[in-house]
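Here's the structure we're looking at; comments come further down.
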Amino acid sequence: MKLKEDINIFKELKWKLEYKIGDIRSYFYNKKLKKLYPDYEDNEYNCGSSKHIWGVKSWDDLSGADCNFYTMNNIDITYDRETKLYMLGIETAYMFNEKENECKYLKQLLDAFTKFMDDNNYSKEFDYCLFMTDPNIYNEAESIEELYINFKIFVEGYCKVYNF
């Protein structure tokens, strides 16, 4: 019986030590990030070099938190401080019975993005230059304005193809 108790004590000590080491690593990692990125904070809006900018939570998110990295979002914008690019995330796991409902969903997301643009005084008139470009719709861009126009082109083109 004594041997089993000793083993359990060592297991408990091992886990306490591993947790403490994890805390120390996290402390120094956050210090490094704060040094690299002056606007970095150790919270749900920052993850490594990435920063949550904006989003709309999914109706089925049960967290009760404001939109952030750890919530389920229908649409969100993330900025990568390392690459200096904005990224657009769109939830596409929903199944719709008709293309018309897909278009309604996409237009709702575009409307939310448009409101974000208006509320934050971003221009919605980004000049998309076709000359010598690869005509694809990207979910990464150097500015929020460019990200917006890429998404707008996608939504309007997608819905137009299906006559909605």
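All of the numbers you see were taken from the coordinates with simple rules; none came from a lab. Everything quoted here is computed from the prediction, not taken from an experiment. Cβ sites come from the backbone with ideal geometry, for glycine too, and all protein chains shown count toward neighbours.
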Legend entry - In segment 98-164, the trypsin sites (Lys or Arg not before Pro) that fall in loop regions by DSSP, at most 16 other Cβ within 10 Å: Lys124
Inset, instruction - Per DSSP H run of at least 4 residues, take -39500 (n - 2.57); add these up for the chain, divide by its residues and hand me the 222 nm value, nearest 500 deg cm²/dmol. - result: -16000 deg cm²/dmol
Legend entry - Nitroxide proxy distance, nm - points 7 Å out along Cα→Cβ at Leu62 and Lys115: 2.6 nm
Legend entry - In Å, descending, principal axis extents of the Cα set of segment 77-134: 38, 32, 26
Legend entry - Nearest-ten-degree value, helix 2-36 long axis tilted from longest Cα axis of the chain: 40 degrees
Legend entry - Solvent-free Debye scattering, log10 I(q)/I(0), computed from the Cα coordinates of segment 98-164 at q = 0.12, 0.25 Å⁻¹: -0.33, -1.13
Inset, instruction - Can you tell me the alpha carbon radius of gyration of segment 125-164 divided by the globular rule-of-thumb value 2.2 N^0.38 Å? - result: 1.20
Inset, instruction - Round to the nearest 0.05 the FRET efficiency obtained for Lys104 and Glu142 when R0 = 41 Å and r is the Cβ-Cβ distance. - result: 0.85
Inset, instruction - Would you mind counting up the charge near Phe116? Only other residues with Cβ under 13 Å from its Cβ, with Lys and Arg at +1 and Asp and Glu at -1. - result: -2
Inset, instruction - Return the loop-located GluC sites (Glu not before Pro) in segment 57-110 (DSSP other than H, G, I, E, B) with at most 13 other Cβ atoms within 10 Å of their own Cβ; answer none if there are none. - result: Glu82, Glu98
Legend entry - Helix 144-161 axis, angle to the chain major axis (alpha carbon atoms, nearest 10°): 60 degrees
Inset, instruction - Starting from the Cα gyration tensor of segment 3-55, multiply each eigenvalue by 5, take the square root, and state the resulting semi-axes largest first in whole Å. - result: 36, 12, 5
Inset, instruction - Under a 10 Å cutoff between Cα atoms, tell me which one of Tyr79, Tyr94, Tyr45 has the largest fluctuation in the Gaussian network model of the chain. - result: Tyr94
Inset, instruction - With a cut-off of at most 13 other beta carbons within 10 Å, and DSSP calling the residue loop, which GluC sites (Glu not before Pro) in segment 117-156 qualify? Please list them. - result: Glu125, Glu142
Legend entry - Charge dipole (debye, nearest 20) of the chain; +1 at Cβ of Lys and Arg, -1 at Cβ of Asp and Glu: 920 debye
Inset, instruction - Might you list the cysteines of the chain that have no disulfide-compatible partner by the rule of another cysteine's Cβ under 4.7 Å? - result: Cys47, Cys67, Cys129
Inset, instruction - Give Lys32/Lys115; Lys57/Lys99; Lys14/Lys35; Lys57/Lys84 a once-over and call out the pairs whose C-alpha atoms are over 27 Å from each other. - result: Lys32/Lys115; Lys14/Lys35
Inset, instruction - Between the alpha-carbon centers of segment 70-99 and segment 105-164, tell me the distance in whole angstrom. - result: 13 Å
Legend entry - For the chain: span of alpha carbons on each principal axis (Å, largest first): 76, 42, 31
Legend entry - Ile90 paired with Arg25, simple spin-label distance in nm, labels 7 Å along Cα-to-beta-carbon: 3.7 nm
Legend entry - Helix axis angle, 99-119 relative to the chain longest principal axis, alpha carbon, degrees: 80 degrees
Inset, instruction - Compute the Cα gyration tensor for segment 1-90, then decide on rounded, prolate or oblate, letting a ≥ b ≥ c be the square roots of its eigenvalues: rounded whenever a/c is under 1.5, prolate when a/b is larger than b/c in the other cases, and oblate in all that remain. - result: oblate
